[in-house]
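Remarks on the structure that follows.
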Amino acid sequence: MELRLEQARYRSDHGELRGQSHDIEKSCATMVAKFSVHNLKEQSAITLADRTDSKFLLPVRVLPRFLGALNTDYTILEESGHRVFTYENTYFDTPAWDLYLQHQNGKMNRHKFRLRRYHETDISYFEKKFKTNKNRTVKERISCAEDRSSDIRVEEDSVKPSLYVNYRRLTLWNHAANERLTLDYDLCYRRPEKTKVARLDGLLIAELKRHGKANGSPFVKTAKDFGFSPQTFSKYCTGVCLTDNGSLKNNRFKSTLTEIKKASAL
């Protein structure tokens, strides 16, 4: 079907979600400044479109400690004078939440659709993510011009905006291992109908993206030294659960929601 993207509307709605910067950024400023940098052009040359992902759920207070341990092995993304970026993700699903339920029910070979806007650089992409039955993620990106409405072809019928996910991110790159590490915090969720806002102020989500297995990754070694192990996590499905009124099945994600509470409380 042809999906109509109303980018001006999404931009306005995300603007209502994002307030001031997170308090952790003050604690991280010195550490962030110590990193050598790479730019978006250099990072884009390594697409990692077909990759494996490893995710860690951490208390946000450990972010300065991790940055201090990683600055000799990784460079940090800097673009237009920014090293911390705000991500505005608009996810799409069917009225019956079929894409969410495919994940909830453990179906492989499933799609996920989102429009991602990088607030600081005002760049937008529509992304199609395909999770294979080999547990690999294949991503297709389509550039979207400014905030104009546009039509995108998707592989599902009756898809519409379903969830806003807004957060802050640091992106690190290990050149030798050809791996990218994203550190996300200050997550805000809301459905387009302007229902309640769900915030995860105390959570840090670290995601390692690489072509092969994560064995030998400096980040994984550091995480294990600090007592943290990989977890399963979906920003989209977690947000659906946190903003739901109890009508959707969520058995698959109950352990994740418990882990989020534990990590946020540490």
Open item on the list: Charges on Cβ only, +1 for Lys and Arg, -1 for Asp and Glu, centred on the Cα centroid of the stretch 142-266; of LEU248, TYR167, ALA145, which one is farthest towards the dipole's positive end?
Closed with: LEU248
Task: Amide H contacts of GLU120 (H built 1.01 Å from N, under 5 Å, at least 5 apart or other chain) - done: THR86
- [ ] Take the cross-link list LYS221/LYS254; LYS139/LYS235; LYS235/LYS262 and give me the ones stretching past 22 Å between alpha-carbons.
- [x] LYS221/LYS254
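Could you please put ARG210, ARG83 in sequence from largest to smallest accessible area, using a 1.4 Å probe?
On the way: ARG210 30, ARG83 55 Å².
So the residues, ranked largest to smallest area, are ARG83, ARG210.
Rounded, prolate or oblate for the stretch 142-266? Axes are the square roots of the Cα gyration tensor eigenvalues, ordered a ≥ b ≥ c, and the cut-off for rounded is a/c under 1.5. Could you put the intermediate results ahead of the total?
Details: a/c = 2.03, a/b = 1.29, b/c = 1.57.
Judged from the Cα gyration tensor, the stretch 142-266 comes out oblate (a/c at least 1.5, b/c at or above a/b).
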Task: Apportionment of accessible area to carbon and sulfur, the chain, percent (1.4 Å) - done: 47
- [ ] Find the centroid of the Cα atoms in the stretch 1-58 and in the stretch 229-266, then give the distance between the two in whole Å.
- [x] 21
TODO: Rounded to whole Hz and in sequence order, give me ³J(HN,Hα) for the stretch 156-164 from the Karplus expression 6.51 cos²θ - 1.76 cosθ + 1.60, θ = phi - 60°, writing x for Gly and Pro.
DONE: 10, 8, 6, 7, 9, x, 10, 7, 9
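Excluding ligands, DNA and RNA, what is the solvent-accessible area per residue of the chain at a probe of 1.4 Å, expressed in Å²? Write down the numbers at each step before the final one.
Working: 12320 Å² over 266 residues.
Using a 1.4 Å probe on heavy atoms only, each residue of the chain averages 46 Å².
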Task: Integer Hz, Karplus 6.51/-1.76/1.60 couplings in order for the stretch 176-193, x for Gly and Pro - done: 5, 8, 6, 10, 10, 10, 10, 10, 10, 8, 6, 6, 10, 10, 7, 7, x, 6
Open item on the list: Tell me the label only: which of [x] 43, 26, 15; [y] 28, 21, 19; [z] 32, 21, 18 is semi-axes √(5λ) of the Cα gyration tensor in Å as calculated from this structure?
Closed with: [y]
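Pairs to check: LYS160/LYS261; LYS107/LYS131; LYS26/LYS194. Give those whose C-alpha atoms are more than 21 Å from each other in this structure. It would help to have the intermediate numbers written out before the result.
Details: LYS160/LYS261 30 Å; LYS107/LYS131 9 Å; LYS26/LYS194 31 Å.
Distance filter (> 21 Å) returns LYS160/LYS261; LYS26/LYS194.
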Task: Other-chain or far-sequence residues with amide H under 5 Å of SER162's (modelled H) - done: TYR91, PHE92, ASP93
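The values are calculated or read from the model by the stated rules, or taken from the named source; none is laboratory data. None of these values were measured; they are calculated from a predicted model. Ideal geometry is used to build each Cβ from the backbone, glycine not excepted, and the neighbour counts take in all protein chains shown. Each accessible area value is taken on the protein alone, full model and side chains, heavy atoms only, with ligands, DNA and RNA left out. Shrake-Rupley method; radii C 1.70, N 1.55, O 1.52, S 1.80 Å.
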